[in-house]
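Undergrad: Just dropping this structure here.
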Amino acid sequence: MKALILAFPEKRWENYTIPVNDEPVVKLTERRLLMSKRIDETLTVVRKDKLKTYSLHVLNPVPVSAKNKMEALLKAMPDGPFFLAEGNMPLIMPFLVNYLIGLFYENEPEALIPVWKDGTAEVTHAIYEPDALEGAINASLAEGYRSLSRITEFLDYELLPVEELAKRNPKVTLSFFRVRNSFDVRFAAETLRKL
């Protein structure tokens, strides 16, 4: 299965090249995904004007001109089912990615999305069928939504309770960690040393 890494900043604070252990966070995210036995290729969606920067750090940058992440996804979506991750998730757990992909192929839903007890869906740590995701994004955009998290309203997806998985293996929760500031960088660096 392919993995699509979304390194497409919408807000000023979103930085996918912030260094963690002297390496850009997007490169660490890509490496962690490639450690998964069921991921055979990664594609990294980047802003067209940032292609030069990202081509130094990732294997397959996909340059896109778009207003937001949803439009970028529409332009860079692969043909078959894919795992979607955000470029600031350096602690993605390969065993969890393998497990999610196994469940996806077993049940064949439109999407498989981990969900927290409070109802928060991890839309950028999930697996999608391209046609279903394209329909959900188009419906979201037609309704005037700009946040990727709103696609769940238009998808018939299988949810996977994060807390239940975490009971079996507490490291599961680390997989959803995002690097957003210097405190996050320090935590990610220390955690990566222990893994």
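The values are calculated or read from the model by the stated rules, or taken from the named source; none is laboratory data. This structure is a prediction, so every number in the text was calculated from the model and none was measured. Every residue, glycine as well, gets a Cβ built from its backbone with ideal geometry; the counts of neighbours run over all protein chains shown. Only protein heavy atoms, including side chains, enter the accessible area calculation; ligands, DNA and RNA are left aside. Shrake-Rupley method; radii C 1.70, N 1.55, O 1.52, S 1.80 Å.
Undergrad: Among the residues of the stretch 165-188, how many are in contact (Cβ under 8 Å) with a residue 12 or more places away in the chain and assigned to a helix (DSSP H, G or I)?
TA: The first filter runs over the stretch 165-188 and keeps only residues in contact (Cβ under 8 Å) with a residue 12 or more places away in the chain, leaving 165, 169, 171-172, 174-181, 185, 188.
Right, trim to assigned to a helix (DSSP H, G or I) and you get 165, 171-172, 174-176, 185, 188.
Result for the stretch 165-188: 8.
Undergrad: If we keep just the residues of the stretch 134-147 that are among the aliphatic types (A, V, I, L, M) and without any contact (Cβ under 8 Å) to a residue 60 or more places away in the chain, which is nearest to GLY80 (Cα to Cα)?
TA: Going residue by residue through the stretch 134-147, those that are among the aliphatic types (A, V, I, L, M) are 136-137, 139, 141-142.
From what is left, the residues that are without any contact (Cβ under 8 Å) to a residue 60 or more places away in the chain are 136, 139, 142.
Working: ALA136: 16, ALA139: 20, ALA142: 24 Å.
Here the answer is ALA136.
Undergrad: Can you give me the number of residues within the stretch 169-187 that are within 17 Å of the chain's Cα centre (by Cα), more than 14 Å from VAL26 (Cα to Cα) and open to solvent by 50 Å² or more (accessible area, probe 1.4 Å)?
TA: 1
Undergrad: Tell me which residues, restricted to the stretch 1-51, are among the β-branched types (Val, Ile, Thr) and either surrounded by fewer than 18 Cβ atoms within 10 Å (Cβ to Cβ) or within 18 Å of SER182 (Cα to Cα) (or both).
TA: Hits for the stretch 1-51 are THR17, ILE18, VAL20, VAL25, VAL26, THR29.
Undergrad: When you scan the stretch 44-54, do you find a residue that is in a loop (DSSP other than H, G, I, E, B) and in contact with a helix residue (DSSP H, G or I) (Cβ under 7 Å, 6 or more places away or on another chain), even just one? I'd like the intermediate steps shown before the answer.
TA: Quick first cut of the stretch 44-54, residues in a loop (DSSP other than H, G, I, E, B) only: none.
There is no residue in the stretch 44-54 that is in a loop (DSSP other than H, G, I, E, B) and in contact with a helix residue (DSSP H, G or I) (Cβ under 7 Å, 6 or more places away or on another chain).
Undergrad: To continue, here is another question. Testing MET70 on (1) over 29 Å from PRO170 (Cβ atoms); (2) in a helix (DSSP H, G or I); (3) in contact with a helix residue (DSSP H, G or I) (Cβ under 7 Å, 6 or more places away or on another chain); (4) open to solvent by 10 Å² or more (accessible area, probe 1.4 Å), one condition comes back false. Which one is that?
TA: (4)
Undergrad: Scan the stretch 116-137 for residues that are under 9 Å from ILE151 (Cβ atoms) and among the basic types (Lys, Arg) and report the count.
TA: Qualifying residue count, the stretch 116-137: 0.
Undergrad: Of all residues in the stretch 55-67, which are assigned to a loop (DSSP other than H, G, I, E, B), open to solvent by less than 60 Å² (accessible area, probe 1.4 Å) and farther than 20 Å from PRO19 by Cα? Spell out how you get there, then give the answer.
TA: Filtering the stretch 55-67 down to residues assigned to a loop (DSSP other than H, G, I, E, B) leaves 56-60, 65-67.
Now restrict to residues that are open to solvent by less than 60 Å² (accessible area, probe 1.4 Å): 57-58, 60, 66.
ALA66 - this is the single residue of the stretch 55-67 that is assigned to a loop (DSSP other than H, G, I, E, B), open to solvent by less than 60 Å² (accessible area, probe 1.4 Å) and farther than 20 Å from PRO19 by Cα.
Undergrad: If a residue must be crowded, with 19+ Cβ neighbours inside 10 Å, of a type in the set (A, V, I, L, M, F, W, C), assigned to a helix (DSSP H, G or I) and modelled with pLDDT of 95 or more, how many such residues does the stretch 127-153 contain?
TA: Final tally of qualifying residues: 4.
Undergrad: Consider only pairs whose beta carbons are under 9 Å apart and that are at least six residues apart or on different chains; among these, list those whose first residue lies in the stretch 15-28 and is more than 17 Å from VAL46 (Cα to Cα) and whose second residue is small (Gly, Ala, Ser) and crowded, with 18+ Cβ neighbours inside 10 Å.
TA: VAL20/ALA188; ASN21/ALA188
Undergrad: Does the stretch 148-164 hold any residues that are touching a residue at least 24 places away in the same chain (Cβ under 8 Å) and under 18 Å from the mean Cα position of the chain (by Cα), and which are they? If you could, list the steps in order and put the result at the bottom.
TA: Within the stretch 148-164, the subset touching a residue at least 24 places away in the same chain (Cβ under 8 Å) is 148-149, 151-152, 155-163.
Once the filter is applied, which keeps residues that are touching a residue at least 24 places away in the same chain (Cβ under 8 Å) and under 18 Å from the mean Cα position of the chain (by Cα), the stretch 148-164 yields LEU148, SER149, ILE151, THR152, LEU155, TYR157, GLU158, LEU159, LEU160, PRO161, VAL162.
Undergrad: Does any residue of the stretch 76-95 turn out to be of a type outside the set (A, V, I, L, M), under 17 Å from MET35 (Cβ atoms) and part of a helix (DSSP H, G or I)?
TA: yes
Undergrad: Let me ask something else. Just to be sure I understand, how many residues within the stretch 18-43 are on the phi < 0 side of the Ramachandran plot and in a loop (DSSP other than H, G, I, E, B)?
TA: Result for the stretch 18-43: 7.
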